[in-house]
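Working notes for the structure below.
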Amino acid sequence: MTLYALTGGIGSGKSTVARRLAELGAVIVDADALAREVLAVGSPGLAAVADRFGADLIDADGALNRAELASRVFGDPTALADLNAITHPLIAARSAEEFARIPAEKVAIYDVALLVEGGLGGRFDGVIVVEATPEVREQRLVGRGLDAADARARMARQATDEQRRAVATWVIDNSGSLEQLQDAVDAVWSEMGAR
Ligand code: ATP
């Protein structure tokens, strides 16, 4: 199996790119979905989070109050490091399981927003970075219902385009139309086949 990473800042168009790659035949493993799964109701990850951050983070139905957890780690590097120390190994183990299930002849794509932040840049056969200007991303995120100030704050907390470019094999510019994006993805897909 060939394993590529797909990353980009919030609102850059990763999910749209992942959908196209899936149409072309790639198997997508979604790091966000795994991140939710390792803190699901009743999971050991959730128990560890409750131990470290307080049982009051768990709602009456047993689910994690994610907004409250986010506010507790926001601006507190030690708390964030503690949270990552709980979740990162669990996500790594789950992603390894998912990769192991993918047939050898397939192209697999790990859709991972926080590739650079997680220090995972060097582990793949190649890295696709999706980019759009902060203005375009903000506009799209607002179009998806996010508050503009919230969108900007989230962008500011993520790695920069320069940091992502430093690990990129391919950079896909998504400041144009969806048709242009699809053409760019198709071009990368043919290059992947040629590698
Ligand atoms: P997030 O990091 O928040 O998950 P993302 O990087 O996965 O975002 P998408 O969800 O693919 O980004 O795109 C963000 C929004 O912008 C979506 O509503 C998507 O439909 C829209 N979008 C993506 N690319 C384009 C484009 N080229 N033209 C117009 N809208 C676009």
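The values are calculated or read from the model by the stated rules, or taken from the named source; none is laboratory data. Bear in mind that the values here come from a model prediction, so they are computed numbers and not experimental data. Glycine gets a Cβ as well: all are built from the backbone with ideal geometry, and neighbour counts include every protein chain shown. For the accessible areas, the whole protein counts, side chains as well, though only heavy atoms, and no ligand, DNA or RNA atoms are used. Shrake-Rupley method; radii C 1.70, N 1.55, O 1.52, S 1.80 Å.
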Options 116, 73: the member that is open to solvent by 30 Å² or more (accessible area, probe 1.4 Å) and within 23 Å of residue 159 (Cα to Cα): 116
Of the residues in region 42-94, those that are among the hydroxyl-bearing types (Ser, Thr, Tyr), at pLDDT 95 or above and assigned to a helix (DSSP H, G or I) come to 78, 87
Looking only at region 23-37, count every residue that is in contact (Cβ under 8 Å) with a residue 12 or more places away in the chain and either within 13 Å of the ligand (Cβ to nearest atom) or part of a strand (DSSP E or B) (or both) and tell me the total. 7
From the residues in region 147-182 that are near the ligand (Cβ under 8 Å from one of its atoms) and of a type in the set (A, V, I, L, M), which one is least open to solvent (accessible area, probe 1.4 Å)? 181
Look through 118, 11 and report the one residue that is within 30 Å of residue 173 (Cβ to Cβ), part of a loop (DSSP other than H, G, I, E, B) and touching a His at 6+ places or on another chain (Cβ under 9 Å). 118
Assess whether residue 86 counts as being touching a Gly at 6+ places or on another chain (Cβ under 9 Å) and open to solvent by less than 30 Å² (accessible area, probe 1.4 Å). no
Within region 132-195, helices (runs of 4 or more DSSP H) holding 1 or more residues that are under 17 Å from the mean Cα position of the chain (by Cα): 134-143, 148-157, 161-165
Is one or more of the residues making up region 49-57 surrounded by fewer than 19 Cβ atoms within 10 Å (Cβ to Cβ) and within 12 Å of the chain's Cα centre (by Cα)? no
Taking the conditions exactly as written (within 12 Å of the ligand (Cβ to nearest atom) and crowded, with 20+ Cβ neighbours inside 10 Å), does residue 144 satisfy them or not? no
Extreme residue, nearest to the ligand (Cβ to nearest atom), among residues of region 1-17 that are surrounded by fewer than 20 Cβ atoms within 10 Å (Cβ to Cβ) and of a type in the set (A, V, I, L, M, F, W, C): 10
Selected residue (only one of 79, 48, 93, 18 is of a type in the set (A, V, I, L, M) and free of Cβ contacts under 8 Å to residues at least 12 places away in the same chain): 93
